[in-house]
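Here the structure comes first, spelled out in structure tokens, and everything after it is commentary.
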Amino acid sequence: MNLNQLIKNHGITDRVITSITDDTRKVEKGSLFFCVKGTKFDGHTVAEEMLEKGAGAIVCEHDLGLGDNQIITENSRKLYGEVCSAWFGHPEKKIKMIGVTGTNGKTTTTNIIKHILMKNGHKTGLVGTIQNEIGDEILHTDNTTPFAYDFMALLDKMVKAGCEYVVMEVSSFGLVQNRIGSSHFDVALFTNLTQDHLDYHKDMEDYYQAKKLLFGMCDKAICNIDDDYGRRLYGEVDCTEYSFSTETDADFRAENISVRAKGSEFDFVHNGKSYHVKTNMTGMFNISNVLGAVAICIEEGIPVNDIISAVSSYGGVKGRCEIIPTNRDFTVICDYAHTPDALENVLKSLKPYADNKLICLFGCGGNRDSAKRPEMAKSAEKYADKLIITSDNPRDENPEDIINEILSGLSGSIPYDIITDRREAIYHALKTAEKDDIIVLAGKGHEDYQILGNNLHIHFDEREVVSDGLKLL
């Protein structure tokens, strides 16, 4: 492909480009190399080396003295995203895009939306935390929002497979780092904003502004006005906006809510009409997730009754309030809750169904926002009857140091055990469980690994760990 086809008014002699990349390992003869400055490495420092390696041209943010071989731009990461779109022939313009952002609820909401669309005859792709999907085909993913080149390659594959829609979780990282290229969304949804990723974002305002970027690239915004930031966003967006709520008057409203241990139901109110909705998922937070998904699908023109029928057949998402079979007189639930708000929500939702103790086992990830560690403890202490504090992807940090920071948030109002090894902690929970206890394994959810020092990934699936632990009883 010629350089002129990729970048307009670039100011250097046109030439044939054989590949595009911001990865030094992938540069070959004729590559267009983008100098991107990251937290640990700055591509500008190896620009000359990339030319020697065969790069056809360099994109950079300041003059590197490379003459006719350099294109200077204000933001090379942003331009890289746009060029990735062009490289694949702008697949984002050939598919209807639905984006969901927020701290909690993205995975469940996107999966419900995809289920509704597929049930109504629309082949749909999914981009998310657990996995990527093209219709019924499942693809591995390493990031909630893939990097720019991989994302456009995935969209291109979806288009070629005949997908009409793509539903995607849009992370704050993906937005700030321009991973979604020239994408424009038919409709975007905001779930909520609670403390997370403050190791990357300098404060909550910075985090909010990152999420808000999505709503500058969509035609319609759907905002959860039960959330403080959602109400704020609803008043700040420039596109057509809609609200949804389980608590107050809104464009899309849930009323007469009944939440049970193995399912929920509510009346969905929209445009003065009421429809009864049944779902196999429990928890008020899932009522909100369903409500947002229903709102999205209505705006995409799916008939309400067909939406409600699809919702009733949806079984839930792996690792989101997932019941792990035990054949015992106690219940074990696996949930991804890894933020203070998410942990509080899941425990609050399960508390009414604990005929005996509600036991919460959790830890906090290493090399991540340390300020949320005591906050996680405070959230867990609000509704649990007992805590088991353990590890959760300690990475390069000392697990005991992480646990000590968690402990600083406890008031001592309920008993707790400290067992650093997560496997042993789960075994302990199973051994000490009594009749009608509910054990919540929080933080890992769908993940089937633990991350230890030097980024070592070891296999760790809590479903398997529970099964092994039960054999020891």
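The values are calculated or read from the model by the stated rules, or taken from the named source; none is laboratory data. Please read all numbers here as calculations on a predicted model, not as lab measurements. Glycine also receives a Cβ, built like all others from the backbone with ideal geometry; neighbour counts cover every protein chain displayed. Quick note on the areas: whole protein, heavy atoms, side chains included, nothing else; ligands and nucleic acids left out. Shrake-Rupley method; radii C 1.70, N 1.55, O 1.52, S 1.80 Å.
One line per residue, one yes/no per condition, for (1) among the small types (Gly, Ala, Ser); (2) open to solvent by 60 Å² or more (accessible area, probe 1.4 Å); (3) modelled with pLDDT under 95:
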site: 370; (1), (2), (3): yes, no, yes
site: 414; (1), (2), (3): no, no, no
site: 422; (1), (2), (3): no, no, no
site: 426; (1), (2), (3): no, no, no
site: 429; (1), (2), (3): yes, no, no
site: 454; (1), (2), (3): no, yes, yes
site: 461; (1), (2), (3): no, no, no
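Report whether or not residue 212 is free of Cβ contacts under 8 Å to residues at least 12 places away in the same chain and of a type outside the set (Asp, Glu).
Spelling it out, it is not the case that residue 212 is free of Cβ contacts under 8 Å to residues at least 12 places away in the same chain and of a type outside the set (Asp, Glu).
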Check the stretch 124-136 and report whether any residue there is modelled with pLDDT of 95 or more, of a type outside the set (Val, Ile, Thr) and open to solvent by 30 Å² or more (accessible area, probe 1.4 Å). no
What is the number of the single condition among (1) at pLDDT 90 or above; (2) within 17 Å of the chain's Cα centre (by Cα) that residue 165 does not meet? (2)
Residues of the stretch 449-471 being in a strand (DSSP E or B) and in contact with a Leu (Cβ under 8 Å, 6 or more places away or on another chain), which ones? 458
Just one listed residue, out of 351, 372, is over 19 Å from residue 428 (Cα atoms) and out of contact with any strand residue (DSSP E or B) (no Cβ under 8 Å at 6 or more places or on another chain), and it is 372
What's the number of the only condition in (1) touching a helix residue (DSSP H, G or I) at 6+ places or on another chain (Cβ under 6 Å); (2) under 30 Å from residue 410 (Cβ atoms); (3) open to solvent by less than 40 Å² (accessible area, probe 1.4 Å) that residue 285 fails to meet? (3)
Restricting to the stretch 2-58, give me the number of residues that are part of a loop (DSSP other than H, G, I, E, B), touching a residue at least 24 places away in the same chain (Cβ under 8 Å), among the charged types (D, E, K, R) and open to solvent by 60 Å² or more (accessible area, probe 1.4 Å). 3
Looking at this structure, is residue 365 in a loop (DSSP other than H, G, I, E, B) and either open to solvent by less than 30 Å² (accessible area, probe 1.4 Å) or aromatic (Phe, Trp, Tyr) (or both)? yes
Restricting the search to the stretch 233-247, which residues are in contact (Cβ under 8 Å) with a residue 12 or more places away in the chain and open to solvent by 40 Å² or more (accessible area, probe 1.4 Å)? 234, 236, 238, 240, 241, 242, 247
Report, by residue number, each residue of the stretch 288-331 that is open to solvent by 50 Å² or more (accessible area, probe 1.4 Å) and of a type in the set (D, E, K, R). 306, 318, 328, 329
Residues within the stretch 59-82 that are in contact with a Cys (Cβ under 7 Å, 6 or more places away or on another chain), part of a strand (DSSP E or B) and open to solvent by less than 30 Å² (accessible area, probe 1.4 Å), tallied: 3
Test residue 86 against the stated conditions and say whether it is over 30 Å from residue 345 (Cβ atoms), open to solvent by 10 Å² or more (accessible area, probe 1.4 Å) and at pLDDT 95 or above. yes
Considering each residue of the stretch 430-448, count those that are part of a loop (DSSP other than H, G, I, E, B) and among the hydrophobic types (A, V, I, L, M, F, W, C), and give that number. 1
Pick from the stretch 372-412 the residues that are of a type in the set (S, T, N, Q) and touching a helix residue (DSSP H, G or I) at 6+ places or on another chain (Cβ under 7 Å): which of them is surrounded by the fewest Cβ atoms within 10 Å (Cβ to Cβ)? 411
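Give the number of residues within the stretch 379-423 that are part of a helix (DSSP H, G or I) and touching a Ser or Thr at 6+ places or on another chain (Cβ under 8 Å). So that I can check it myself, show each step before the final result.
Of all residues in the stretch 379-423, those part of a helix (DSSP H, G or I) come to 379-383, 399-407, 422-423.
Still in the running and touching a Ser or Thr at 6+ places or on another chain (Cβ under 8 Å): 381, 399-400, 402-403, 405, 422.
Counting residues in the stretch 379-423 that are part of a helix (DSSP H, G or I) and touching a Ser or Thr at 6+ places or on another chain (Cβ under 8 Å) gives 7.
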